[in-house]
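Report on one structure; see the data block that follows.
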Amino acid sequence: MAEVPEVETLVRDLREAVVGRTIRLTEVLLPAAVRFPTADEFTALLTERTVLESRRRAKYLLLPLSGDLLLAIHLALWGTVALVPTDQPRLPETVILWHLDQDQDLRFIDILGYARAAVGAPDVLAEKLDLKSLGPEALDPSFDVAVLARQLARRRGALKSVLLNQRILAGLGNRDADESMWLAGVDPRRSASSLTSDELSRLHDAIRKVLSEGIALRGTQRDLFGRKGGALHRRNIFEKSGEPCPRCGARIVYTRIGSRNTFYCPNCQK
């Protein structure tokens, strides 16, 4: 599942292996994978553009290009990008091909077909993707307990739903939210504004720990070079309904919160 650890791993790999290189040609194999502009305009705009940088905002992979353009890639659930030799056979789930210099391709792959890419002037792209409305990044050095407390204050919704609201906290996904709340010992059904100072502190530390460990292990998916990450998709409680809690032994419970699959320990997370 493509959450912050998986996206951040790819961002760092792209910084190492693709920044400074040129996109010679683009092939759009699945037109629906281009969010905007049209597939033909997308292809034309990217011709002979040099990749200047690689960075992340929430779960967007952002590549500033020469000519004052910005390429944005969103992996959705299971998308990825791979750097491979141009003559390597294409996987059937490949949606976009960027032919680079040095006889290599950057390939955008998504087995479900939900992943999307877009290109445009940075300000236009930021407006269309609503990037400026995103909340603080959980891994930003400035994200402390006070910031988390401010973001959750007066939020009456269930904690799980609030944490997944990208305008409140950028980048936290379903899996990592469940694991963070379990680590902090906080019930996902609680009102977000009801957390005590101690609970807020535990939750802040848990979010940082879950994300940092996931990145250190290079995520759960394959990286840019095809190497499998060392993090576990099913870590402590996520997708482990009915199995014993690794902390107390109680059975993990499955429920739906805000239409999202949710897993928690009814004993540890009271």
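The values are calculated or read from the model by the stated rules, or taken from the named source; none is laboratory data. Source: prediction; values computed, not measured. Please note: Cβ atoms are built from the backbone with ideal geometry, for glycine as well, and neighbour counts cover all protein chains shown. Ligands, DNA and RNA are stripped out before the accessible areas are found, and what is left, the full protein with its side chains, is counted by its heavy atoms. Shrake-Rupley method; radii C 1.70, N 1.55, O 1.52, S 1.80 Å.
Tell me which residues, restricted to the range 1-34, are within 17 Å of Val84 (Cβ to Cβ), touching a strand residue (DSSP E or B) at 6+ places or on another chain (Cβ under 9 Å) and among the acidic types (Asp, Glu).
Those that are within 17 Å of Val84 (Cβ to Cβ), touching a strand residue (DSSP E or B) at 6+ places or on another chain (Cβ under 9 Å) and among the acidic types (Asp, Glu): Asp13, Glu27.
Within the range 235-257, is even one residue open to solvent by 30 Å² or more (accessible area, probe 1.4 Å), modelled with pLDDT of 95 or more and under 18 Å from the mean Cα position of the chain (by Cα)?
Scanning the range 235-257 turns up no residue that is open to solvent by 30 Å² or more (accessible area, probe 1.4 Å), modelled with pLDDT of 95 or more and under 18 Å from the mean Cα position of the chain (by Cα).
Name every residue in the range 33-58 that is without any contact (Cβ under 8 Å) to a residue 24 or more places away in the chain and either touching a His at 6+ places or on another chain (Cβ under 8 Å) or assigned to a loop (DSSP other than H, G, I, E, B) (or both), in order of residue number.
The one that is without any contact (Cβ under 8 Å) to a residue 24 or more places away in the chain and either touching a His at 6+ places or on another chain (Cβ under 8 Å) or assigned to a loop (DSSP other than H, G, I, E, B) (or both): Thr38.
Would you please list the contacts, defined by Cβ atoms under 6 Å and residues six or more apart or on different chains, that run from a residue in the range 20-32 that is under 22 Å from Thr50 (Cα atoms) and surrounded by fewer than 15 Cβ atoms within 10 Å (Cβ to Cβ) to a residue that is small (Gly, Ala, Ser) and modelled with pLDDT of 95 or more?
If the second residue must be small (Gly, Ala, Ser) and modelled with pLDDT of 95 or more, no pairs are left.
Residues that are among the aromatic types (Phe, Trp, Tyr) and touching a residue at least 40 places away in the same chain (Cβ under 8 Å): which strands (runs of 3 or more DSSP E) entirely in the range 91-162 hold 1 or more of them?
Passing ranges, in order: 94-100, 104-109.
Quick one: in the range 65-90, of everything that is assigned to a loop (DSSP other than H, G, I, E, B) and under 27 Å from Val124 (Cβ atoms), which residue is modelled with the lowest pLDDT? Spell out how you get there, then give the answer.
Let us first name the residues in the range 65-90 that are assigned to a loop (DSSP other than H, G, I, E, B), namely 66-68, 75-79, 86-90.
Going one step further and asking which of them are under 27 Å from Val124 (Cβ atoms), we end up with 66-68, 75-77, 79.
Values: Ser66: 98, Gly67: 97, Asp68: 98, Leu75: 96, Ala76: 93, Leu77: 87, Gly79: 95.
That would be Leu77.
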